[in-house]
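One structure is given here, and the rest of the page talks about it.
The values are calculated or read from the model by the stated rules, or taken from the named source; none is laboratory data. Bear in mind that the values here come from a model prediction, so they are computed numbers and not experimental data. As a convention, Cβ positions derive from the backbone with ideal geometry for all residues, glycine included, and neighbour counts pool all protein chains shown. For accessibility, only protein heavy atoms count, side chains too; no ligands or nucleic acids. Shrake-Rupley method; radii C 1.70, N 1.55, O 1.52, S 1.80 Å.
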Amino acid sequence: MSGLRSQAASLRADDNSLEARANAATLELYALEAELGRARSAVESVAARKAVVASDRAAARKQLAIARTALHASESQLAELVRGLYEQSGATDPLAILLGAASLDEALTGLDSLSRAAGENNRIIEQARSSRRRLASLDARLAAREAELVQLAAAATDRARALEQAVGTRESFVAGLRQQQGLNAARIASIEARAQSAESRTLAISTSAAPVSTAVVDAAASTATPIATSGMTITVSTTGYALRGRTATGIPTAPGVVAVDPSIIPLGTRLTIPGYGEAIAADTGGAVHGNVIDLWFASAAQAAQWGRRTVTITLR
């Protein structure tokens, strides 16, 4: 019988180890899911910015096409002006106009017409070319911005895919641990049933249950029970911290990890925090007592920017 009890005790110890590993892996899974949510939001944000730039570039190209049409029209108008002047004066060369004029007034009139035509031509052509240069420069800048956003979108998409793969791997790992726990539980139940049967056959009399120690009862009654439960909301004072390393639950610090008072919010609880996002209660702190939580940030500057805020969080 002692051998069976030893096997059961060994399996229980193994089961406790599996439970601890499963809990730590689950906390890591929650942190990965929170980070995945941020990565997906980043993909959506970049896609929206790409759409805006694409729209701006389409408008710039439309205006560029209009400018090219205007330049062509200006060149056609110039040709008409030169042809009209030629038909009127019979020449477009200033010396020819002077030599062919019958009087000084006629010569001055011809030269004035030629000057106006040249000035009008220069103004129209310069306006069209300036507009075309400006729009071409705008199109080039938008094209560069569009290429940059394409790279950002690719990086954000790759990050989201990597996190999705990590989440899937962690889910499989947790499922494997839970399955092993189930197998252990079945083996423990079988061994204990066999031990109980053996004890029943060897014991001549039944033994009464040992009285429960008063000290144990008092200790159980005085143990603090977390008041926060899934689905409820609670108003807390929040601060930020940026220390890197392992949390009280064993997982590494990362975006979405927060420190709590376990007597108020049980470790492993998933939270929705206004202004911060999805989080997991995975750490504790010497200054974190009562309705106070500490939010992890990637830098001390971000933590300082958050400051101290009173928010109403939702437990999930």
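With respect to Thr238, is the statement that it is within 27 Å of Ala20 (Cα to Cα), at pLDDT 90 or above and either not in a strand (DSSP E or B) or not aliphatic (A, V, I, L, M) (or both) true? Before the answer, list the steps.
Working: within 27 Å of Ala20 (Cα to Cα): no; at pLDDT 90 or above: yes; either not in a strand (DSSP E or B) or not aliphatic (A, V, I, L, M) (or both): yes.
For Thr238, the condition - within 27 Å of Ala20 (Cα to Cα), at pLDDT 90 or above and either not in a strand (DSSP E or B) or not aliphatic (A, V, I, L, M) (or both) - is not met.
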Check your understanding: Given the structure, is Ala58 loosely packed, with under 13 Cβ neighbours inside 10 Å and modelled with pLDDT of 80 or more?
Key -> yes
Practice item. Taking Glu33 as the residue in question, decide whether it is part of a helix (DSSP H, G or I), modelled with pLDDT of 80 or more and out of contact with any strand residue (DSSP E or B) (no Cβ under 9 Å at 6 or more places or on another chain). Key: no
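For (1) touching a residue at least 12 places away in the same chain (Cβ under 8 Å); (2) farther than 27 Å from Leu27 by Cβ; (3) assigned to a helix (DSSP H, G or I); (4) of a type in the set (S, T, N, Q), each residue gets a yes or a no:
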position: Ser130; (1), (2), (3), (4): no, yes, yes, yes
position: Leu138; (1), (2), (3), (4): yes, yes, yes, no
position: Arg141; (1), (2), (3), (4): no, yes, yes, no
position: Glu148; (1), (2), (3), (4): no, yes, yes, no
position: Ala166; (1), (2), (3), (4): yes, no, yes, no
position: Thr169; (1), (2), (3), (4): no, no, yes, yes
position: Val174; (1), (2), (3), (4): yes, no, yes, no
position: Leu183; (1), (2), (3), (4): no, no, yes, no
Study note, to complete from the structure: Given (1) open to solvent by 30 Å² or more (accessible area, probe 1.4 Å); (2) modelled with pLDDT of 80 or more; (3) over 30 Å from Glu33 (Cα atoms), Phe173 misses just (3)
Check your understanding: Do any residues in segment 14-41 that are over 27 Å from Thr157 (Cα atoms) and touching a residue at least 24 places away in the same chain (Cβ under 8 Å) have Cβ atoms under 8 Å from those of residues that are open to solvent by 30 Å² or more (accessible area, probe 1.4 Å) and of a type in the set (D, E, K, R), where the two are at least six apart or on different chains, and which pairs are they?
Key -> Ala22/Arg178
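Conditions tested, residue by residue: (1) in a strand (DSSP E or B); (2) open to solvent by 20 Å² or more (accessible area, probe 1.4 Å).
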| site | (1), (2) |
| --- | --- |
| Gly250 | no, yes |
| Asp261 | no, yes |
| Thr272 | yes, yes |
| Gly275 | no, yes |
| Ala279 | yes, no |
| His289 | no, yes |
| Ala298 | no, yes |
| Ala304 | no, yes |
| Ile313 | yes, no |
